[in-house]
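The values are calculated or read from the model by the stated rules, or taken from the named source; none is laboratory data. In this text the structure is predicted, and so the values were computed from the model without any measurement. With ideal geometry, Cβ positions are generated from the backbone for all residues, glycine too; neighbour counts draw on all protein chains shown.
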Amino acid sequence: MSTFNKGIGRVQVQLRWDPSAKGQVDHDLDLVAATYFAADPTGEPAYLVHFDSRSPDGTIFLDHDNRTGKGLGADEIMTLEPGRLSTEYGRVVVGVAIQQRAAHITFADVANPGAKVIEGYTQLTDVDFTEVADATAATVGEFIRNRSGDWEFRRLVRGFDTDPQSFARTMGSRPGA
């Protein structure tokens with residue numbers, strides 16, 4: 001029997017932060033999405049989407065990449081259309097990594113960092129990163145395909161103290177793994 005529930009549709013993840021103080025090194029935060037096979041939802045990502053990339057099928061892409069936090073509104077925007085993903089995929093984890101070029105930078109070092117997940121006019125979550133202030137990267141949420149094939153969103157704020165490349169490989173792992 002089919003359901004009338006449409007599940008999650010087109011979603012935007014909006015990342016924001018304020019510029020560094022005058023004379024300080026610019027902070028560069030990046031949105032990252034990791035897509036996992038349904039058969040191995042916490043294993044290695046099937047693929048990653050971040051700056052300068054998009055999903056192979058065009059269902060996940062970065063609309064805007066900012067390296068300084070300067071400007072009005074969201075500094076980075078990622079669009080996801082989980083309902084268009086192949087049935088071979090069962091999970092997408094979205095997170096934020098801080099580039100570690102000049103020094104060890106955590107969310108506590110960045111002025112007013114925040115991320116929102118929005119579907120249409122509905123805000124699914126708003127994360128200010130205070131619960132992971134000592135982390136250099138963090139997940140924001142995950143999209144899970146349920147048994148009926150619909151996608152659901154779950155807030156998932158987990159901090160990581162690692163470089164962006166390692167974060168991308170481990171962001172979907174089980175806690176404590």
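I need a count of the residues in segment 159-169 that are surrounded by fewer than 18 Cβ atoms within 10 Å (Cβ to Cβ) and either out of contact with any helix residue (DSSP H, G or I) (no Cβ under 9 Å at 6 or more places or on another chain) or touching a residue at least 60 places away in the same chain (Cβ under 8 Å) (or both).
The total comes to 5.
When residues of segment 82-104 are filtered for being part of a strand (DSSP E or B) and either closer than 23 Å to Gln14 by Cβ or touching a Ser or Thr at 6+ places or on another chain (Cβ under 6 Å) (or both), how many remain?
9
Would you mind finding the one in Asp75, Asp150, Asp163 that is modelled with pLDDT under 90, under 23 Å from Pro41 (Cα atoms) and acidic (Asp, Glu)?
Being modelled with pLDDT under 90, under 23 Å from Pro41 (Cα atoms) and acidic (Asp, Glu) holds for just one of Asp75, Asp150, Asp163, which is Asp163.
Can we say Phe61 is surrounded by 14 or more Cβ atoms within 10 Å (Cβ to Cβ), at pLDDT below 95, under 19 Å from Gln14 (Cα atoms) and of a type in the set (Phe, Trp, Tyr)?
yes
Would a scan of segment 63-76 turn up a residue that is of a type in the set (Lys, Arg) and assigned to a loop (DSSP other than H, G, I, E, B)?
Looking through segment 63-76, at least one residue is of a type in the set (Lys, Arg) and assigned to a loop (DSSP other than H, G, I, E, B).
Scan segment 140-177 residue by residue and report those that are closer than 22 Å to Thr106 by Cα and of a type in the set (S, T, N, Q).
Across segment 140-177, the qualifying residues are Thr162, Gln165, Ser166, Thr170, Ser173.
Residues to consider are Ala108, Ala103, Ala97; find the one that is under 17 Å from His27 (Cβ atoms), out of contact with any Asp or Glu (no Cβ under 8 Å at 6 or more places or on another chain) and not polar (S, T, N, Q).
It is Ala103.
Restricting to segment 129-158, name every residue that is surrounded by 15 or more Cβ atoms within 10 Å (Cβ to Cβ) and in a loop (DSSP other than H, G, I, E, B).
Across segment 129-158, the qualifying residues are Phe129, Ala133, Ala135, Thr136, Asp150.
I'd like the residue in segment 113-128 that is assigned to a loop (DSSP other than H, G, I, E, B) and touching a strand residue (DSSP E or B) at 6+ places or on another chain (Cβ under 7 Å) and, out of all such residues, is farthest from Gly159 (Cα to Cα).
Pro113
Can you pull out every residue in segment 104-128 that is closer than 30 Å to Ala38 by Cβ, surrounded by 22 or more Cβ atoms within 10 Å (Cβ to Cβ) and not β-branched (Val, Ile, Thr)?
Result: Ala115, single match.
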